[in-house]
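Structure first, commentary second.
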Amino acid sequence: SLPFWDDFSTSYQVPSADIWYGSDNVRISNGLGNNAPSLNVAVFDGIDVNGAPYNANSLLNGATDSLTSQLVDLSLLTADQADSVYLSFFWQLNGNGELPDLEDSLVVQFKNPLGEWVNMWSQTGGRDNESTNFQQVLVQLPQTFFHTEFQFRFQSYSRLAGAFDTWLVDYIFLNGSRHANDIASV
């Protein structure tokens, strides 16, 4: 149920299984983020939670780390809440890791009632998007996602051969009674 919130400050090495579905190979770090909003950040790159590359012999890019929420029952939300449910989070590319290239991306997906993942937000890498600060994003949930088994996930696409193309995510908050300017100051 709502609210759904995690800033990873109480996580050690892996995300909390109470909040996140499986480990999804995302690591938790307190040293990779620059000016992070909270103590720890979720790290997305080309290695799994044990430090192994997805494909050490590949020069290709593909789906690497993902972080999937536990089921969230949104079926009880009323029609008057339809325009006030938002997912917000902070993201940063590279931090103290490697800068993602233009062909790399971080995507947020929502699961629809048919069980299909739908892209709702994405960011590409490259020097033009580099920043020493985390950027906050708010994504409104359309009413079509108000069902009993709603989930959202972060999915990175990067080089499969190792700890390249670092994306960082922090301070994830999903709740109703929000608006497009409901941003946090950190």
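Here are some notes:
- Positions within the range 153-168 being of a type in the set (Gly, Ala, Ser) and at pLDDT below 95, in sequence order: 158, 161, 162, 163
- Meets criteria (under 30 Å from residue 177 (Cβ atoms), of a type in the set (Gly, Ala, Ser), touching a residue at least 40 places away in the same chain (Cβ under 8 Å) and outside any loop (DSSP other than H, G, I, E, B)) for residue 75: no
- Answer residue from the range 73-95, given it is over 19 Å from residue 154 (Cβ atoms) and not small (Gly, Ala, Ser) and is least open to solvent (accessible area, probe 1.4 Å) among those: 77
- Residue check, residue 80 outside any loop (DSSP other than H, G, I, E, B), of a type in the set (D, E, K, R) and at pLDDT 90 or above: no
- Members of the range 23-51 found to be closer than 12 Å to residue 11 by Cα, touching a Ser or Thr at 6+ places or on another chain (Cβ under 7 Å), at pLDDT 90 or above and not aliphatic (A, V, I, L, M), listed by number: 40
- For residue 149: the one exception among (1) of a type outside the set (Gly, Ala, Ser); (2) touching a residue at least 60 places away in the same chain (Cβ under 8 Å); (3) over 25 Å from residue 29 (Cα atoms); (4) open to solvent by less than 40 Å² (accessible area, probe 1.4 Å): (4)
- Residue match in the range 3-25 (condition: in contact with a Gly (Cβ under 9 Å, 6 or more places away or on another chain), assigned to a loop (DSSP other than H, G, I, E, B) and either of a type in the set (Ser, Thr, Tyr) or open to solvent by 20 Å² or more (accessible area, probe 1.4 Å) (or both)): yes
- Those residues of the range 122-134 which are at pLDDT below 95 and open to solvent by 70 Å² or more (accessible area, probe 1.4 Å), in sequence order: 127, 128, 130, 132, 133
- A count restricted to the range 52-72 and to residues that are surrounded by fewer than 18 Cβ atoms within 10 Å (Cβ to Cβ) and either part of a strand (DSSP E or B) or not hydroxyl-bearing (Ser, Thr, Tyr) (or both) stands at 10.
The values are calculated or read from the model by the stated rules, or taken from the named source; none is laboratory data. Computed from a prediction, not measured in an experiment: that's the story for all the values here. Virtual Cβ from ideal backbone geometry, glycine too; neighbours counted across all protein chains shown. Heads up: the accessible areas ignore ligands, DNA and RNA and are worked out on the full protein's heavy atoms, side chains in. Shrake-Rupley method; radii C 1.70, N 1.55, O 1.52, S 1.80 Å.
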